[in-house]
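Before I ask anything, let me first share the structure, which is written out below as structure tokens.
The values are calculated or read from the model by the stated rules, or taken from the named source; none is laboratory data. Note that the structure is predicted; figures quoted are calculated from it, not measured. Here the Cβ positions follow ideal geometry from the backbone for every residue, glycine too, while neighbour counts run over all protein chains shown.
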Amino acid sequence: MHTPAQPQALPTHTKIAIIGAGFGGLAMAIHLLQSHIHDFVILEKASEVGGTWRENQYPGAACDVQSHMYSLSFAPKSDWSKRYAEAPEIFKYIQTLVTDYDLEKYCQFNCEVLEATYNEQSCDWKLSLNNDQTLMAQFVVFASGPLHVPHIPHIPGIEKFQGKVFHSSHWDHQYDLTGKYVASIGTGGSAIQYLPEIAPKVKQLYVLQRTAAWVIPRDERHYWNIEKKLFKKLNWFRKLHRARLYWSNESRVVPIVQPTVMKYTQKLAEAFIRFQVKDRNLVQKLTPDYIMGCKRILVSNKYYPTFNRSNVELVTEAIQELTANSIITKDGKEYKIDCLIYGTGFITDPRIYLKSFKCTGEHGQDLRDAWQAGAESFYGICTKGFPNLFQLLGPNTVLAHNSVIFMIEAQVNYILKMIELVESSHSHAIVVKDQAQDRFNQDVQKLLDGTVWQSGCVSWYQQDGGKNFALWPTYTWKYWLQTRKLNPADYRLLNKTAGSRAA
């Protein structure tokens, strides 16, 4: 029986501080250990690992990416139960990573970073923590992920409402929905998963939709036992399966970058809605008025049939206010409810979700100010003016067609190369040159022009003004190729005494 490793006492100094113990933070830690680097800590604000899969445990929570792609290539799992794993199984996989690589002793739980300040003289970072402690780190890896701050819209009268209220990422499993009148706000990635699960339990379910989402069928099935045995026994067989999934996902870029192709795909999606929904009026309300892919494409076989139930009503009128026990829409209709669920997703703009996190780089520059006109970085990993600060899944490296785990692994390898360059050059810090970052972002925005993401709708991929700060605009294999090697000419290397010199 495995005995959990005892966490180390929080040191005052460390070589590398990793913020966040989700997929990104743990992948970074494992690669550090494989590179024989043991001087690091993982700072986690919660009481256990898991990131988004620790928090999102609502009914029906599952991944939109196939299980064998949504796992670390160097830590494969051969016995995934089905093609698209549900949250508990993914969470267990993450916990297994901690056990297998003995990571718990590097974790500091209930340890939130409130402020980070770069010291130009000593070329290191001072991290101020919620427990009134401070930690000095030469390198900082920001691995908290882009989807971790719940978006909760303000509704007039919310303070009057006497029923139950919670966000999908903080699901109250102690609250019994059986026989209740429930209103759910939002029709995004989380809502389309939990709505079919709770509909059979509740007395009445009101689905408040602001904008219809494109939902396509999921090629769902359980893996046969013989397949699991082959995955375990024949490594090449498992890798072949993973490769097939990868290239299948990569093919989805074609209609994204060529909207004329997407229009034909959209016809199939429209037919899917008509096939699954009986009421013609509902079909019209559930069919989006924007080109498919402009907003996130969702995947479910259960969502549309939910609206065939007699106890489910789609409400498309905007909310006016809440009373003590009801929700009133702007057409004057009142809906009695016992429970209000926010299926409204997460705040994605880093300028907003970093509002309580002050990060000060060179010359006293605040990261929030640097990103005021829009979040930008170099390959989503490092930002000009912020030496030795690295990010996983930073600006323009989130995906809409393949597994972000692939991107995380590429970024982790690139960060290791940056650390190696600092050490091999006997320097103390590294920072991307302004012109390198500016050139990269000009290329990214040029690639985004003409894609379905820029076809006119408003999505979480965009900041005010329409600039897409979230998505990688092309194939992931191109990102992998571009980050396989590090070009020293893109960076300034800094020293404690000499200040800086050209790379």
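Would you be able to tell me the number of residues in the stretch 484-499 that are at pLDDT 95 or above, hydroxyl-bearing (Ser, Thr, Tyr) and over 12 Å from Pro387 (Cα atoms)?
Selection size over the stretch 484-499: 0.
A further question on this structure: Kindly establish whether His13 is over 30 Å from Ala199 (Cβ atoms) and out of contact with any strand residue (DSSP E or B) (no Cβ under 8 Å at 6 or more places or on another chain).
On the way: over 30 Å from Ala199 (Cβ atoms): yes; out of contact with any strand residue (DSSP E or B) (no Cβ under 8 Å at 6 or more places or on another chain): no.
Judged against the criteria, His13 is not a match.
Answer with yes or no whether Gln174 is modelled with pLDDT of 95 or more, surrounded by fewer than 17 Cβ atoms within 10 Å (Cβ to Cβ), of a type outside the set (Gly, Ala, Ser) and more than 20 Å from the chain's Cα centre (by Cα). Steps first, please.
Numbers: modelled with pLDDT of 95 or more: yes; surrounded by fewer than 17 Cβ atoms within 10 Å (Cβ to Cβ): yes; of a type outside the set (Gly, Ala, Ser): yes; more than 20 Å from the chain's Cα centre (by Cα): yes.
The answer is yes for Gln174.
Of the numbered conditions (1) surrounded by fewer than 22 Cβ atoms within 10 Å (Cβ to Cβ); (2) over 15 Å from the mean Cα position of the chain (by Cα); (3) at pLDDT below 95, Ala375 satisfies every one except a single condition; which is it?
Here Ala375 clears every test but (1).
Is there any pair linking a residue in the stretch 408-425 that is in the same structural domain as Lys496 (by TED's automatic domain parsing) and of a type in the set (Phe, Trp, Tyr) to one that is part of a helix (DSSP H, G or I) and surrounded by 15 or more Cβ atoms within 10 Å (Cβ to Cβ), with Cβ under 9 Å and at least six apart or on different chains, and which?
Matching pairs, first to second residue: Tyr414/Thr483.
Conditions tested, residue by residue: (1) among the aliphatic types (A, V, I, L, M); (2) closer than 30 Å to Leu234 by Cβ.
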{"residue": "Ala9", "(1), (2)": "yes, no"}
{"residue": "Ala17", "(1), (2)": "yes, no"}
{"residue": "Gly24", "(1), (2)": "no, yes"}
{"residue": "Ile30", "(1), (2)": "yes, yes"}
{"residue": "Val41", "(1), (2)": "yes, no"}
{"residue": "Gln57", "(1), (2)": "no, no"}
{"residue": "Ser73", "(1), (2)": "no, yes"}
{"residue": "Asp79", "(1), (2)": "no, yes"}
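Within the stretch 427-458, which residues are modelled with pLDDT of 95 or more and not in a helix (DSSP H, G or I)?
Passing the criteria: Ser427, His428, Ala429, Ile430, Val431, Val432, Lys433.
Can you work out which of the residues in the stretch 14-51 that are surrounded by fewer than 20 Cβ atoms within 10 Å (Cβ to Cβ) and among the hydroxyl-bearing types (Ser, Thr, Tyr) is farthest from Gln95 (Cα to Cα)?
Checked the stretch 14-51; the qualifying residue farthest from Gln95 (Cα to Cα) is Ser35.
Going through the stretch 188-225 one residue at a time, which ones are of a type in the set (S, T, N, Q) and more than 22 Å from the chain's Cα centre (by Cα)?
Gln204, Gln209, Asn225
Also, quick follow-up: Test of understanding: among Glu159, Glu120, Glu115, which residue is within 24 Å of the chain's Cα centre (by Cα) and either without any contact (Cβ under 8 Å) to a residue 24 or more places away in the chain or surrounded by 13 or more Cβ atoms within 10 Å (Cβ to Cβ) (or both)?
Numbers: Glu159 fails: within 24 Å of the chain's Cα centre (by Cα); Glu120 fails: within 24 Å of the chain's Cα centre (by Cα).
Only one candidate passes the filter, namely Glu115.
Quick one: how many residues across the stretch 329-350 are in contact with a helix residue (DSSP H, G or I) (Cβ under 8 Å, 6 or more places away or on another chain) and either among the charged types (D, E, K, R) or within 19 Å of Tyr181 (Cβ to Cβ) (or both)?
Summing the residues that are in contact with a helix residue (DSSP H, G or I) (Cβ under 8 Å, 6 or more places away or on another chain) and either among the charged types (D, E, K, R) or within 19 Å of Tyr181 (Cβ to Cβ) (or both) in the stretch 329-350 gives 3.
Of the numbered conditions (1) touching a strand residue (DSSP E or B) at 6+ places or on another chain (Cβ under 7 Å); (2) without any contact (Cβ under 8 Å) to a residue 24 or more places away in the chain; (3) within 25 Å of Thr474 (Cβ to Cβ), Asp366 satisfies every one except a single condition; which is it?
Condition not satisfied by Asp366: (3).
Here is a further query. Across the stretch 370-426, what is the total count of residues that are β-branched (Val, Ile, Thr) and assigned to a strand (DSSP E or B)?
Going through the stretch 370-426 one residue at a time, the tally reaches 1.
Anything in the stretch 308-328 that is touching a helix residue (DSSP H, G or I) at 6+ places or on another chain (Cβ under 9 Å), touching a residue at least 60 places away in the same chain (Cβ under 8 Å) and not hydroxyl-bearing (Ser, Thr, Tyr)? List them, or say none.
Val312, Glu313, Leu314
Where residues in the stretch 91-147 are outside any helix (DSSP H, G or I), of a type in the set (Phe, Trp, Tyr) and touching a helix residue (DSSP H, G or I) at 6+ places or on another chain (Cβ under 7 Å), which of them is nearest to Gly20 (Cα to Cα)?
Phe139
Tell me which residues, restricted to the stretch 372-421, are closer than 23 Å to Lys295 by Cβ and among the aromatic types (Phe, Trp, Tyr).
Scanning the stretch 372-421 gives a single hit, Phe406.
Between a first residue in the stretch 64-79 that is outside the structural domain of Gln411 (by TED's automatic domain parsing) and at negative phi and a second residue that is of a type in the set (S, T, N, Q) and part of a loop (DSSP other than H, G, I, E, B), which pairs have beta carbons less than 6 Å apart while being 6 or more apart in sequence or on different chains?
Sorted first by the residue in the stretch 64-79, then by its partner, the pairs are Val65/Ser403; Met69/Ser403; Tyr70/Ser403; Lys77/Ser71.
Now, a different point. For the stretch 195-260, which helices (runs of 4 or more DSSP H) that fit wholly inside it have 3 or more residues that are modelled with pLDDT of 95 or more and within 30 Å of Ala318 (Cα to Cα)?
none
Kindly provide the set of residues from the stretch 226-240 that are without any contact (Cβ under 8 Å) to a residue 40 or more places away in the chain, closer than 27 Å to Asn301 by Cα and under 31 Å from the mean Cα position of the chain (by Cα), ordered by number.
Answer for the stretch 226-240, where residues must be without any contact (Cβ under 8 Å) to a residue 40 or more places away in the chain, closer than 27 Å to Asn301 by Cα and under 31 Å from the mean Cα position of the chain (by Cα): Glu227, Leu240.
So Ser310 ticks every box in (1) in a helix (DSSP H, G or I); (2) surrounded by fewer than 19 Cβ atoms within 10 Å (Cβ to Cβ); (3) at pLDDT 95 or above but one. Which box is left unticked?
(1)
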